[in-house]
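Working notes, structure below.
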Amino acid sequence: MKKTLALVLALVLCLGLLAACSGNKGGSTAPTAAPAPGGATEAPTANTTPIKIGYLGPLTGGVAQYGIAVQNGVKLYVDQLNAAGGINGRQIDLVSYDEEGDATKAITGYNSLLDSGVVAIVGDVTTGPCTAVVAEAYPDGTPMITASATATSITYNADTNTVYTNMFRSCFIDPFQGETMARFAYDVLKAKTAAVLYDNGDTYSTGVYEYFVSKANELGLELVAVESYASGAVDFSGQLTNIAAKNPDVLFLPIYYNDVALVASQAADAGLKATMLGVDGWSSVLDAVTDTALVEGAYYCSGYSAADTGALVQKFLSDYAAAYNGATPNMFDAQGYDAAWILCDAIAKAEASGKTYGSDEYKAEIIAAMKATDSDYVTGHVSYDDHNDPQKTAAIINIVGGEEKFWGSY
Amino acid sequence: MIVLQQLINGLQLGSIYSLIALGYSMVYGIIMLLNFAHGDIIMVGGYIALLIIGAGIHPALAIVAAIVGCMVLACVIEKAAYAPLRKAPRISLLITAIGVSFFLENVAQLLLSANPRSFPNTAIIPTVSFSLGSLNISLTTLVTLAVAIVSMALLTVLVNRTKMGKAMRAVSEDMGAAQLMGINVNRTITFTFAIGAILAGIGAILYCCKYPQVKPTTGYLLGMKAFVAAVLGGIGSIPGAMLGGLAIGMAEVIVNALGYTTWADAVVYVILIIVLLVKPTGFLGRTMREKV
């Protein structure tokens, strides 16, 4: 009994010591951090307190992989910017909030970030929470940029005909993929006839499909077969037989890679010879198919390609590898990096405008500067239209010889 | 011509359903159990073949291992989960079967993750198609049909022409009387499970060759559809299960081909409801008097 008591007491003591340690650390870094930039000697009037920006996204839970990737990209950019002296002599302080992929928690997170004094937010990561947050952030006039939410509803509420002018994104939107692939099929591949097979239980798939169809009609690309399947289906033989009977030049598959693997194998059985066209849901398709020959010659569009030989992409790849133990960044990392970049460019303009830091005018200045964005980033050239949708190029990836080759920007 | 092609598609899917429905029907025929774990045995068979081929071992050996694996698993399940409940109410047995099904799915998820794995189907059947005019038949289709027909023929012979088959029929007719006649009932029941599982193993390989993806829930919907096929054909009847499987496969492909894809799964369940309302004994089932 005495032994147990002694043990418990010892444990309590240890805990107390640990708490004291961490308390000490927090206490000692704060005062030393403030004078560290040493800006006072160069420009006595300059404000050297850090500029606070928020990151809102899932870092745990079912969609954490996207949130973590975006955050890695954002962090990489912020660290680089800080190393280069920050903005206007001020360091960037990134405050992260994990909303676990939940819309309600995302709103809590948004408010908590505002309370901590951020002037702008990178986030949210997925469409659902992002839609919820923008409804709060729009009346507040908080500058926001998402790296990955692709639905049109993020920046434009069609029901009330409201453009969320404070909201931007570094990724392209769902309709863009459908339209791009229709143009690509018609203009580049010189296709005359097209067929589509889409998942009618998935908003992403049906959305992209609809825009593909309207663009194809506009261009004069004839749709000879439109087939669909219910989410989770594995048998597509009926649909593919119908498509094969029409012998289209291209087959557009706005679906995810696991389904592509099933479709590709059955398309071969059905004797389908059309060139397959895909969307960004195809990334890592080569790992999913049993035989890469099944998707040989296919093209799909993506927000970014690691095989891009452009200088910006190559620099990003090497910087990322250096920061994260040689890892290759995926599309979400790249878009996160760009989101932080676009935002920080805008903050630099707001700083230069001389508005009071943190004021509504200051935030309005950031929003105006983001709206005026018109330059090259890792994932391509970005500018914004009336609905704050990015006007950018897609990376077209071509599967040749069982490998993903960067065809070019389109 | 396209109609003929669609019929071939339906025939292929249907013959896989038939093989699996046979396992349901035989087990029900003998111990009045809807063995809901049957679908998950297919999933296990798929994983066994996938892992063995992935380890670089010859595909033929993988097929044998998958079939034997399914058989052993079914016998173990029968001995461990169902045999102790032989005298329990039938509802306990049914709930146990559902429990076994969840158990298998979750163990698979724990060991192999929920992500679908791609199945190396080309290692078993190469991607080759034969063209007959505008008709396109793949080697997978031909192999599926041939294997299904041969398996069902062998099963028919086994049940009707062998001593073990006679014992199976006797036990399903009247378990008590069969025991009095000196038939080892427990061994016969285990044998029935084993035969059902062998067919499931064959079905697993054929299914994965056509739909080259395995995930822990692969067997769930497949098992459900095979179950409906067994009911449609008349549960407990062997030719009935074959017919029911073909009918369900055909119905599914036709619904998809007509463009009513959202209804593809619903149609299968609608068929189940109609059969239960109109003709609960299915195509070939016998009306059984409730024993008092």
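The table below gives the values:
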| item | result |
| --- | --- |
| Entirely in region A:104-219, the strands (runs of 3 or more DSSP E) that have 2 or more residues that are free of Cβ contacts under 8 Å to residues at least 60 places away in the same chain and out of contact with any Leu (no Cβ under 7 Å at 6 or more places or on another chain) | A:193-199 |
| Search result, residues across region B:190-224 that are farther than 17 Å from residue B:62 by Cβ, crowded, with 24+ Cβ neighbours inside 10 Å and more than 14 Å from chain A (Cβ to nearest Cβ) | B:192, B:193, B:196, B:199 |
| Candidate set from region A:273-293 (those that are within 11 Å of chain B (Cβ to nearest Cβ) and open to solvent by less than 30 Å² (accessible area, probe 1.4 Å)); member that is farthest from the chain's Cα centre (by Cα) | A:289 |
| Residue A:151, sole failed condition from (1) aliphatic (A, V, I, L, M); (2) touching a strand residue (DSSP E or B) at 6+ places or on another chain (Cβ under 9 Å); (3) modelled with pLDDT under 90 | (2) |
| Complete set of residues in region A:372-410 that are among the charged types (D, E, K, R) and either buried (at least 16 other Cβ atoms within 10 Å of the Cβ) or part of a strand (DSSP E or B) (or both) | A:374, A:376, A:389, A:392, A:403, A:404, A:405 |
| Filtered residue count, region B:1-46, keeping only those that are farther than 19 Å from residue B:282 by Cα, crowded, with 23+ Cβ neighbours inside 10 Å and not polar (S, T, N, Q) | 13 |
| Residue match in region B:166-178 (condition: farther than 17 Å from residue B:10 by Cα, free of Cβ contacts under 8 Å to residues at least 40 places away in the same chain and of a type in the set (S, T, N, Q)) | no |
| Of residues in region A:216-241 being buried (at least 24 other Cβ atoms within 10 Å of the Cβ) and at the interface with another protein chain (Cβ under 7 Å from one of its Cβ atoms), the one farthest from residue B:13 (Cα to Cα) | A:229 |
| Meets criteria (in contact with a Pro (Cβ under 6 Å, 6 or more places away or on another chain), open to solvent by 10 Å² or more (accessible area, probe 1.4 Å), more than 23 Å from residue A:313 (Cα to Cα) and among the basic types (Lys, Arg)) for residue A:363 | yes |
| Residue selected from region B:100-154 under the condition touching a helix residue (DSSP H, G or I) at 6+ places or on another chain (Cβ under 7 Å), more than 14 Å from chain A (Cβ to nearest Cβ) and among the β-branched types (Val, Ile, Thr), by the criterion nearest to residue A:291 (Cα to Cα) | B:147 |
| The listed residue being assigned by TED's automatic domain parsing to the domain that holds residue A:362 and surrounded by fewer than 19 Cβ atoms within 10 Å (Cβ to Cβ), out of A:133, A:163, A:125, A:118 | A:163 |
| Selection count, region A:198-215, where residues are within 13 Å of chain B (Cβ to nearest Cβ) and either within 16 Å of residue A:261 (Cα to Cα) or open to solvent by less than 20 Å² (accessible area, probe 1.4 Å) (or both) | 3 |
| Subset of region B:115-128 (residues that are surrounded by 12 or more Cβ atoms within 10 Å (Cβ to Cβ) and in a loop (DSSP other than H, G, I, E, B)) | B:116, B:119, B:120, B:125, B:127, B:128 |
| In region B:227-240, residue farthest from the other protein chains (Cβ to nearest Cβ) [restricted to those that are open to solvent by less than 10 Å² (accessible area, probe 1.4 Å), assigned to a helix (DSSP H, G or I) and under 24 Å from residue B:173 (Cβ atoms)] | B:240 |
| Test: residue A:408 is touching a Gly at 6+ places or on another chain (Cβ under 6 Å) and small (Gly, Ala, Ser) | no |
| The listed residue being outside the structural domain of residue A:230 (by TED's automatic domain parsing) and acidic (Asp, Glu), out of A:291, A:269, A:319, A:259 | A:319 |
| From the options A:354, A:326, A:402, A:408, residue that is free of Cβ contacts under 8 Å to residues at least 40 places away in the same chain and not assigned by TED's automatic domain parsing to the domain that holds residue A:84 | A:408 |
| Selected residue (only one of B:119, B:103, B:130 is aromatic (Phe, Trp, Tyr) and in contact with a Phe, Trp or Tyr (Cβ under 9 Å, 6 or more places away or on another chain)) | B:119 |
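The values are calculated or read from the model by the stated rules, or taken from the named source; none is laboratory data. This is a predicted model, so every value here is computed, not measured. As a convention, Cβ positions derive from the backbone with ideal geometry for all residues, glycine included, and neighbour counts pool all protein chains shown. Just so you know, the surface numbers come from the protein's heavy atoms only, side chains and all, with ligands and any DNA or RNA stripped out. Shrake-Rupley method; radii C 1.70, N 1.55, O 1.52, S 1.80 Å.
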